[in-house]
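The values are calculated or read from the model by the stated rules, or taken from the named source; none is laboratory data. On a predicted model such as this, the values are computed, not experimentally measured, just so you know. Note: ideal-geometry Cβ built from the backbone for every residue, glycine included; neighbour counts use all protein chains shown. Keep in mind that these areas ignore ligands, DNA and RNA; they rest on the heavy atoms of the full protein, side chains included. Shrake-Rupley method; radii C 1.70, N 1.55, O 1.52, S 1.80 Å.
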Amino acid sequence: QVQLVESGGGLVQAGGSLRLSCAASGRTFRTNAMGWFRQAPGKERVFVAAITWSDGSTRYADSVKGRFTISRQNAKNTVYLEMNSLKPEDTAVYYCATGPRTTSWEEDYDYWGQGTQVTVSS
């Protein structure tokens, strides 16, 4: 089992920044990558970004490229999502999850956190 706990969400004005954290515990040696997804009200959950634990290779959704940065701190089993130039359309519940690689397919991810709310006001 792997436990994931997200933090760092909140309310921010458009153009502002937030940094989300995802702390992993348990059988983390079974995970090769971590991903961030988000789900806006009334919409499906979608891929945001992913990173591998080993070499830090990354993948981003087109909608966040150039604004969001995913990083990891292996010693703390923690992954971060730095979000800059936030827009109202970034408002969503953000989830982290463990996966086999930096895939954008939700079905490839197995363990999920409880989510953290990000609200961007216009």
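Quick one: how many residues across the range 1-46 are in a strand (DSSP E or B) and either open to solvent by 50 Å² or more (accessible area, probe 1.4 Å) or not polar (S, T, N, Q) (or both)?
Within the range 1-46, residues that are in a strand (DSSP E or B) and either open to solvent by 50 Å² or more (accessible area, probe 1.4 Å) or not polar (S, T, N, Q) (or both) number 27.
Between a first residue in the range 98-122 that is in a helix (DSSP H, G or I) and a second residue that is of a type outside the set (A, V, I, L, M, F, W, C), which pairs have beta carbons less than 9 Å apart while being 6 or more apart in sequence or on different chains?
The qualifying pairs are GLU106/GLY35; GLU106/GLU44; GLU106/ARG45; ASP108/GLY35; ASP108/GLY99; ASP108/PRO100; ASP108/ARG101.
If you go through the range 82-96 one residue at a time, do you hit one that is assigned to a strand (DSSP E or B), touching a residue at least 12 places away in the same chain (Cβ under 8 Å), open to solvent by less than 10 Å² (accessible area, probe 1.4 Å) and within 17 Å of THR31 (Cα to Cα)?
So far as the range 82-96 goes, yes, one or more of its residues are assigned to a strand (DSSP E or B), touching a residue at least 12 places away in the same chain (Cβ under 8 Å), open to solvent by less than 10 Å² (accessible area, probe 1.4 Å) and within 17 Å of THR31 (Cα to Cα).
Looking at ARG59 and the list (1) assigned to a strand (DSSP E or B); (2) open to solvent by less than 50 Å² (accessible area, probe 1.4 Å), which single condition is not satisfied?
It is condition (2) that ARG59 fails.
One line per residue, one yes/no per condition, for (1) more than 18 Å from GLY115 (Cα to Cα); (2) of a type outside the set (A, V, I, L, M, F, W, C):
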| position | (1), (2) |
| --- | --- |
| SER7 | no, yes |
| GLN13 | yes, yes |
| ALA33 | no, no |
| VAL48 | no, no |
| SER57 | yes, yes |
| ILE70 | no, no |
| GLN73 | yes, yes |
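Is it the case that the range 2-23 has a residue that's in contact with a Leu (Cβ under 9 Å, 6 or more places away or on another chain) and free of Cβ contacts under 8 Å to residues at least 40 places away in the same chain?
No, the range 2-23 contains no residue that is in contact with a Leu (Cβ under 9 Å, 6 or more places away or on another chain) and free of Cβ contacts under 8 Å to residues at least 40 places away in the same chain.
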